[in-house]
Amino acid sequence: QTRSNRELQKLIKAIINGWQDHYHECGMSILIYWNYHDDLAVKGEQIMDKSSVITVKVEFSGGLELLFGKQKSKDVTFSEPETVKNLILWLKDNLLEERPELFVQDGSVRPGILVLVNDSDWELVGQLDYVVKSGDCITFISTLHGG
């Protein structure tokens, strides 16, 4: 039913892509949700209270941000614990806008991409098997250079 409801689709889009800076810019159909915009999260097609989800910050640099619509960072929410491997696959399926071969290879990041978990090399915390926690910051840095 969510798919057929335009108001809910606009609300989901606002939650995922970020709300407008001012309430009068968000559009009449979702204006009634403005007072709750900091408390809402999306999982699949469900709108949830942010306190019941896991929110992690994902950062892209070294050129990777170009593959993700020039976004340098994005808050990502999950309704249950996820591993870094699942996060990578989710990013590929939901946020990556072009050239997936430059980000993912064989279910992991491509060689040449440095992954940090809370500013520590992911090799120190379990790499793909690390279970992300609310408040974590996962950083992807491309070290690939043309030439």
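The values are calculated or read from the model by the stated rules, or taken from the named source; none is laboratory data. Note that the coordinates shown come from a computational prediction; the quantities given were computed from them, not determined experimentally. Every residue, glycine as well, gets a Cβ built from its backbone with ideal geometry; the counts of neighbours run over all protein chains shown. Note: areas computed on protein heavy atoms with side chains; ligands, DNA, RNA excluded. Shrake-Rupley method; radii C 1.70, N 1.55, O 1.52, S 1.80 Å.
Quick check on the stretch 100-109. Is at least one of its residues of a type in the set (Ser, Thr, Tyr), farther than 20 Å from residue 16 by Cβ and surrounded by 15 or more Cβ atoms within 10 Å (Cβ to Cβ)? Looking through the stretch 100-109, at least one residue is of a type in the set (Ser, Thr, Tyr), farther than 20 Å from residue 16 by Cβ and surrounded by 15 or more Cβ atoms within 10 Å (Cβ to Cβ). Listed by first and then second residue, the pairs with beta-carbon distance under 9 Å, at least 6 apart or on different chains, first residue in the stretch 103-124 and on the phi > 0 side of the Ramachandran plot, second aliphatic (A, V, I, L, M) and outside any strand (DSSP E or B), are 107/88; 107/89; 107/128; 112/144; 118/125.
If you go through the stretch 48-92, how many residues are open to solvent by less than 70 Å² (accessible area, probe 1.4 Å), of a type in the set (Asp, Glu) and free of Cβ contacts under 8 Å to residues at least 24 places away in the same chain? So the count comes out to 1.
Evaluated against (1) open to solvent by less than 70 Å² (accessible area, probe 1.4 Å); (2) without any contact (Cβ under 8 Å) to a residue 60 or more places away in the chain; (3) assigned to a loop (DSSP other than H, G, I, E, B), residue 97 falls short on exactly one condition, (1). Of all residues in the stretch 113-147, those satisfying the criterion of being in a loop (DSSP other than H, G, I, E, B) and touching a Gly at 6+ places or on another chain (Cβ under 9 Å) are 118, 143, 144, 145.
When 85, 70, 92 are checked against the criterion of being basic (Lys, Arg), part of a helix (DSSP H, G or I) and more than 12 Å from the chain's Cα centre (by Cα), a single residue qualifies: 85. For the stretch 28-45, a residue qualifies if it is more than 23 Å from residue 72 (Cα to Cα), out of contact with any Phe, Trp or Tyr (no Cβ under 8 Å at 6 or more places or on another chain) and modelled with pLDDT of 75 or more, and the qualifying residues are 28, 29, 30, 32, 33, 35, 36.
Checked against (1) within 17 Å of the chain's Cα centre (by Cα); (2) at pLDDT below 85, residue 23 passes all but a single condition, namely (1). The residue of the stretch 1-20 that is most open to solvent (accessible area, probe 1.4 Å), among those that are farther than 21 Å from residue 95 by Cβ and either modelled with pLDDT of 75 or more or assigned to a helix (DSSP H, G or I) (or both), is 6. Whenever a residue of the stretch 18-45 is touching a residue at least 40 places away in the same chain (Cβ under 8 Å), its partners that are open to solvent by 40 Å² or more (accessible area, probe 1.4 Å) and of a type in the set (A, V, I, L, M, F, W, C), lying with C-beta atoms within less than 9 angstrom and at least six residues away or across chains, give the pairs 45/8. Going residue by residue through the stretch 39-46, is there one that turns out to be open to solvent by 90 Å² or more (accessible area, probe 1.4 Å), assigned to a loop (DSSP other than H, G, I, E, B) and not small (Gly, Ala, Ser)? So far as the stretch 39-46 goes, no, none of its residues is open to solvent by 90 Å² or more (accessible area, probe 1.4 Å), assigned to a loop (DSSP other than H, G, I, E, B) and not small (Gly, Ala, Ser).
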